[in-house]
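The values are calculated or read from the model by the stated rules, or taken from the named source; none is laboratory data. What you see is a predicted model; the values in this text were computed from it and never measured. Note that we place each Cβ from the backbone using ideal geometry, even for glycine, and neighbour counts take in every protein chain shown.
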Amino acid sequence: MSGDGEAGRLTTEADEQGWEVDPDDEWGLAVLVSVGRQLKLRREAKKMRVPEFAKAIGYSEDMVYKIEAGSRIPKQVYLDRADRILDAGGLVSAMWEDVEKVRYPKKVRDLGDLESKATDLLLYDPLNIHGLLQTPEYARALLMMRRPAYTDAEVERFLAARMARKSVFERAQPLELSFILEEWTLRRALGGREVRARQLEHLLELGKLRNVEIQMMPMNLEEHAGTAGGIELLKFKDGSAKGRSPEVANGRPVDDPKHIRILETRYGIIRSQALTPRETTAHIEQLLGER
């Protein structure tokens, strides 16, 4: 058992928002119901009533009931403490492996699954430095700027989900990645000058990877094929593809050849208009020198 200080901290965390599962996420709900049922059975096997268990673990009774009912995502610290209190020998702590996946929004999990199967990923983001390229500090700054504001717990949840997608850079079979960024997103000091500087340095580091190409669309360009919005294109080994853009199918994901051809053509033109990767690297180095 930990001291009263840790218990008090956990009681405060118990009321945080942002750890509820999406009601439309059937798989996520099933995982939480299963975890909650196992926690309840182990607690009852130890002949511990909810008030006694809640006091021991440092969470409110209401939170214990919600977690056991599968309506709340337990944090890792909750499962670790429950494991010790219930003498589960690591079996409860091991549930975190499944719970951790559920804590990410369903659309993020679905996107991550697609990215894990893709051979090529082409991304143009006209508004921000793309999420896959963001440092934790830059990503946190963007999430903190959101209005209506996210809760602190939601910021942490979405940040963890965004950082988890970076596994695409660590695949045994490298994924070919192409990014096109707008110059203004590199110049704007979102989060502060130091956050921006570290973000620019991170782009230079990623740009050195052989399977990564980063290109910048300069602000002084008189022609721009990307004025209709961002583009996401994923290509797969079997020759199929999935894509998305605000102007195509109202932003819904598409996979039919007609829509994919439109996205490929538009992305190709934007790519040809942007600076080359080598020119982009030189420009980012210049921006770093200006700070």
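Which of the helices (runs of 4 or more DSSP H) found entirely inside the stretch 23-129 contain at least 1 residues meeting this: in contact (Cβ under 8 Å) with a residue 60 or more places away in the chain?
Per the criteria, 26-45, 76-85, 96-102, 106-117.
Give me the pairs, please: first residue somewhere in the stretch 147-166 and under 22 Å from ASP113 (Cβ atoms) and of a type in the set (Gly, Ala, Ser), second residue anywhere and part of a loop (DSSP other than H, G, I, E, B) and at pLDDT below 85, beta-carbon distance under 6 Å, and either six or more positions apart or on two chains.
ALA161/TYR104
In the stretch 114-122, is there at least one residue being more than 12 Å from the chain's Cα centre (by Cα), farther than 22 Å from ILE180 by Cβ and either surrounded by 15 or more Cβ atoms within 10 Å (Cβ to Cβ) or modelled with pLDDT of 90 or more (or both)?
Scanning the stretch 114-122 turns up no residue that is more than 12 Å from the chain's Cα centre (by Cα), farther than 22 Å from ILE180 by Cβ and either surrounded by 15 or more Cβ atoms within 10 Å (Cβ to Cβ) or modelled with pLDDT of 90 or more (or both).
Might you check whether a residue that is under 28 Å from ALA241 (Cα atoms), without any contact (Cβ under 8 Å) to a residue 60 or more places away in the chain and touching a Gly at 6+ places or on another chain (Cβ under 7 Å) occurs anywhere in the stretch 167-179? Full working, then the answer.
We begin by selecting, within the stretch 167-179, every residue under 28 Å from ALA241 (Cα atoms); these are 167-179.
This time we only want the ones that are without any contact (Cβ under 8 Å) to a residue 60 or more places away in the chain, so: 167-174, 176-177, 179.
Going one step further and asking which of them are touching a Gly at 6+ places or on another chain (Cβ under 7 Å), we end up with none.
Checking the stretch 167-179: not a single residue is under 28 Å from ALA241 (Cα atoms), without any contact (Cβ under 8 Å) to a residue 60 or more places away in the chain and touching a Gly at 6+ places or on another chain (Cβ under 7 Å).
Which residue, of GLU16, GLU6, is at pLDDT below 75, touching a helix residue (DSSP H, G or I) at 6+ places or on another chain (Cβ under 9 Å) and in a helix (DSSP H, G or I)?
On the way: GLU16 fails: in a helix (DSSP H, G or I).
Result: GLU6 is the single residue among GLU16, GLU6 that is at pLDDT below 75, touching a helix residue (DSSP H, G or I) at 6+ places or on another chain (Cβ under 9 Å) and in a helix (DSSP H, G or I).
Checking THR276 against (1) touching a residue at least 12 places away in the same chain (Cβ under 8 Å); (2) surrounded by 14 or more Cβ atoms within 10 Å (Cβ to Cβ), only one condition comes out false. Which one?
(2)
Does ALA164 count as over 22 Å from GLU232 (Cα atoms), out of contact with any Pro (no Cβ under 7 Å at 6 or more places or on another chain) and not acidic (Asp, Glu)?
Working: over 22 Å from GLU232 (Cα atoms): no; out of contact with any Pro (no Cβ under 7 Å at 6 or more places or on another chain): yes; not acidic (Asp, Glu): yes.
So ALA164 does not fit the description; no.
Given (1) surrounded by 17 or more Cβ atoms within 10 Å (Cβ to Cβ); (2) over 9 Å from the mean Cα position of the chain (by Cα), identify the lone condition not met by LEU127.
So LEU127 meets the others, but not (1).
If I ask for residues that are out of contact with any strand residue (DSSP E or B) (no Cβ under 6 Å at 6 or more places or on another chain) and closer than 21 Å to MET216 by Cα, which ones from the stretch 246-270 would you list?
PRO246, GLU264, THR265, ARG266, GLY268, ILE269
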